[in-house]
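Colleague: Quick one: structure below, then a few questions.
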Amino acid sequence: MLEIAKPRELLAARTSAEVLFGLLRAWFGVPAQVVIDLRAVDGVAADLADPRQAMAMAMRKLQSLHRLASPGVRTTTDVVLTVIQDIDRSLSQAPLTHLRTEAAAADWDAELAALGTVPPATEGVDEVERFRHHLAAVRAAARAVLRASDGQVCLLV
């Protein structure tokens, strides 16, 4: 199998994995440990309906990407691309889900009463932009791996 160096975009994706991991933990209140139901093959259906559990699974994929993107860790292009594809699919709706969850939990009477007394919050918007920036960096890592390997399965070193 042809060996190629990890593209710099893949190495940089380690930082993006860390940032996305932290944002998901903060947005969805994912605990440090999560139990996965393995009693039956369809046990995942209930878990993935819960945004916190779904984001915990995405965080696990981010842990995998962080490891695979580490210097000195040997892997293959197909493994990296599969993990990134799973991350992309899992996280594409995360900001919207986060905002919906916050909106559902808000005390709208208090929010309306506070209108005009405090400046509008921009923290959530900044976090969403950070999220989008780092998810774009993960996608750029996938494109760089594809370019470097010319679409072939190669060993990344």
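The values are calculated or read from the model by the stated rules, or taken from the named source; none is laboratory data. Values in this document were obtained by computation on a predicted structure and should not be read as measured data. Positions of Cβ are generated from backbone atoms using ideal geometry, with glycine treated the same way; all protein chains shown enter the neighbour counts.
Colleague: Given the options Leu24, Leu10, name the one that is closer than 19 Å to Val79 by Cβ and modelled with pLDDT of 90 or more.
Modeller: Leu10
Colleague: Given the conditions (1) at pLDDT below 95; (2) closer than 19 Å to Arg100 by Cβ; (3) surrounded by 14 or more Cβ atoms within 10 Å (Cβ to Cβ), and given that Gly29 satisfies all but one, which numbered condition is not satisfied?
Modeller: All conditions pass for Gly29, except number (3).
Colleague: Then there's this: Considering only residues that are of a type in the set (Gly, Ala, Ser) and in contact with a helix residue (DSSP H, G or I) (Cβ under 7 Å, 6 or more places away or on another chain), which ones fall in the stretch 125-151?
Modeller: Matches in the stretch 125-151: Ala137, Ala140, Ala141, Ala142, Ala144, Ser149.
Colleague: How many of the residues in the stretch 134-157 are among the hydrophobic types (A, V, I, L, M, F, W, C) and exposed (fewer than 15 other Cβ atoms within 10 Å of the Cβ)?
Modeller: Residues meeting the conditions: 4.
Colleague: Name the one entry in Leu65, Leu146, Leu81 that is modelled with pLDDT of 95 or more and more than 20 Å from Glu18 (Cα to Cα).
Modeller: Criteria check complete, one pass: Leu146.
Colleague: Could I ask something else about it? Taking the stretch 103-140 only, how many residues are charged (D, E, K, R) and either at pLDDT 75 or above or within 30 Å of Val80 (Cα to Cα) (or both)?
Modeller: 6
Colleague: Now a separate question. Of all residues in the stretch 139-157, which are outside any loop (DSSP other than H, G, I, E, B), over 19 Å from Arg74 (Cβ atoms) and out of contact with any Asp or Glu (no Cβ under 7 Å at 6 or more places or on another chain)? Spell out how you get there, then give the answer.
Modeller: Of the residues in the stretch 139-157, the ones outside any loop (DSSP other than H, G, I, E, B) are 139-149, 155-156.
Now narrow it down to the ones that are over 19 Å from Arg74 (Cβ atoms): 139-140, 143, 147.
Within the stretch 139-157, Arg143, Arg147 qualify.
Colleague: Scan the stretch 73-94 for residues that are among the polar types (S, T, N, Q) and either touching a Phe, Trp or Tyr at 6+ places or on another chain (Cβ under 9 Å) or surrounded by 22 or more Cβ atoms within 10 Å (Cβ to Cβ) (or both) and report the count.
Modeller: Of the residues in that region, 1 qualify.
Colleague: Scan the helices (runs of 4 or more DSSP H) fully inside the stretch 1-116 and keep the ones with 1 or more residues being more than 24 Å from Arg130 (Cβ to Cβ).
Modeller: Qualifying helices (runs of 4 or more DSSP H): 44-49, 77-91, 108-114.
Colleague: Could you say which residue among Ser16, Ser70 is modelled with pLDDT of 90 or more, buried (at least 18 other Cβ atoms within 10 Å of the Cβ), touching a helix residue (DSSP H, G or I) at 6+ places or on another chain (Cβ under 9 Å) and among the small types (Gly, Ala, Ser)? Even if it seems obvious, please write down each step before you answer.
Modeller: Working: Ser70 fails: buried (at least 18 other Cβ atoms within 10 Å of the Cβ).
One residue alone meets the criteria, Ser16.
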